[in-house]
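The values are calculated or read from the model by the stated rules, or taken from the named source; none is laboratory data. Since the model is a prediction, treat every value here as computed from it, not as a measurement. Don't worry about glycine lacking a Cβ; one is built from the backbone with ideal geometry, like all the others, and counts go over all protein chains shown.
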Ligand SMILES: [Zn+2]
């Protein structure tokens, strides 16, 4: 078993072999986890929320669903989900989100957390992939608009468990957004636990 505790607002990277299971634990509740993944043997192939939506023909996620890559190859299967409220539509929060929305120049962001975590792999900033946003409460309404601003409904200890279907480099960001209430009253930690097969 390997563990990584990611402080609220920060990111972390963990490598997994095919068959291993990754628990993504909402330690104190209400914390969004932006999740990114790359094939370990070819980082040009990465987890794609767009292709996952198309393969599932759905905007929501739950146990039994497979998350696919930009080449539509299965990368993970969700084997457990104690929350059932996630997002596959929003891009990661990024420096322009904080600059344009709030006039803040130096706020941490999920996209910058991803860039930092993968800095040694030489991916251009504009080519960083979009996340699957576990625990994010932004449902689509019947008229096609997106409801925004409600705190994550995840409770302390809630989790999503993924089984890796290929060897992957996974990056998680405990979202630093502390200006809209979407992460509850304050930022908090995400714990990653990898169980060997
Ligand atoms: Zn974020």
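Determine which member of the set 151, 92, 164 is within 16 Å of the ligand (Cβ to nearest atom), surrounded by 14 or more Cβ atoms within 10 Å (Cβ to Cβ) and either under 14 Å from the mean Cα position of the chain (by Cα) or under 27 Å from residue 44 (Cβ atoms) (or both).
Details: 151 fails: either under 14 Å from the mean Cα position of the chain (by Cα) or under 27 Å from residue 44 (Cβ atoms) (or both); 164 fails: within 16 Å of the ligand (Cβ to nearest atom).
Being within 16 Å of the ligand (Cβ to nearest atom), surrounded by 14 or more Cβ atoms within 10 Å (Cβ to Cβ) and either under 14 Å from the mean Cα position of the chain (by Cα) or under 27 Å from residue 44 (Cβ atoms) (or both) holds for just one of 151, 92, 164, which is 92.
Looking at 58, 53, can you tell me which residue is out of contact with any strand residue (DSSP E or B) (no Cβ under 8 Å at 6 or more places or on another chain) and part of a loop (DSSP other than H, G, I, E, B)? Walk me through it before giving the result.
Values: 53 fails: part of a loop (DSSP other than H, G, I, E, B).
Checking each option against the conditions leaves just 58.
Restricting attention to the stretch 37-50, report how many residues are under 16 Å from residue 165 (Cβ atoms), touching a strand residue (DSSP E or B) at 6+ places or on another chain (Cβ under 8 Å) and assigned to a strand (DSSP E or B).
So in the stretch 37-50, the residues under 16 Å from residue 165 (Cβ atoms) come out as 37-42, 45-48.
This time we only want the ones that are touching a strand residue (DSSP E or B) at 6+ places or on another chain (Cβ under 8 Å), so: 37-40, 45-48.
Applying the additional criterion that residues be assigned to a strand (DSSP E or B) yields 37-39, 45-47.
Final tally of qualifying residues: 6.
Can you go through 132, 68 and tell me which one is crowded, with 22+ Cβ neighbours inside 10 Å and within 16 Å of the ligand (Cβ to nearest atom)? Steps first, answer last, please.
Values: 68 fails: within 16 Å of the ligand (Cβ to nearest atom).
After applying the criteria, what remains is 132.
Answer yes or no as to whether residue 40 is touching a residue at least 60 places away in the same chain (Cβ under 8 Å), away from the ligand (no atom under 16 Å from the Cβ), surrounded by fewer than 19 Cβ atoms within 10 Å (Cβ to Cβ) and over 23 Å from residue 153 (Cβ atoms). Walk me through it before giving the result.
Values: touching a residue at least 60 places away in the same chain (Cβ under 8 Å): yes; away from the ligand (no atom under 16 Å from the Cβ): yes; surrounded by fewer than 19 Cβ atoms within 10 Å (Cβ to Cβ): yes; over 23 Å from residue 153 (Cβ atoms): yes.
So residue 40 fits the description; yes.
Taking the criterion of being touching a helix residue (DSSP H, G or I) at 6+ places or on another chain (Cβ under 6 Å), under 19 Å from residue 24 (Cβ atoms) and either away from the ligand (no atom under 12 Å from the Cβ) or at pLDDT below 95 (or both), would at least one residue in the stretch 173-189 satisfy it? Steps first, please.
Quick first cut of the stretch 173-189, residues touching a helix residue (DSSP H, G or I) at 6+ places or on another chain (Cβ under 6 Å) only: 173, 175, 179.
Add one more test, that the residue is under 19 Å from residue 24 (Cβ atoms), and what stays is 173, 175.
Narrowing further to those that are either away from the ligand (no atom under 12 Å from the Cβ) or at pLDDT below 95 (or both): none.
No, the stretch 173-189 contains no residue that is touching a helix residue (DSSP H, G or I) at 6+ places or on another chain (Cβ under 6 Å), under 19 Å from residue 24 (Cβ atoms) and either away from the ligand (no atom under 12 Å from the Cβ) or at pLDDT below 95 (or both).
Which one is nearest to the ligand (Cβ to nearest atom), of the residues in the stretch 109-129 that are touching a strand residue (DSSP E or B) at 6+ places or on another chain (Cβ under 8 Å) and farther than 21 Å from residue 98 by Cβ?
123
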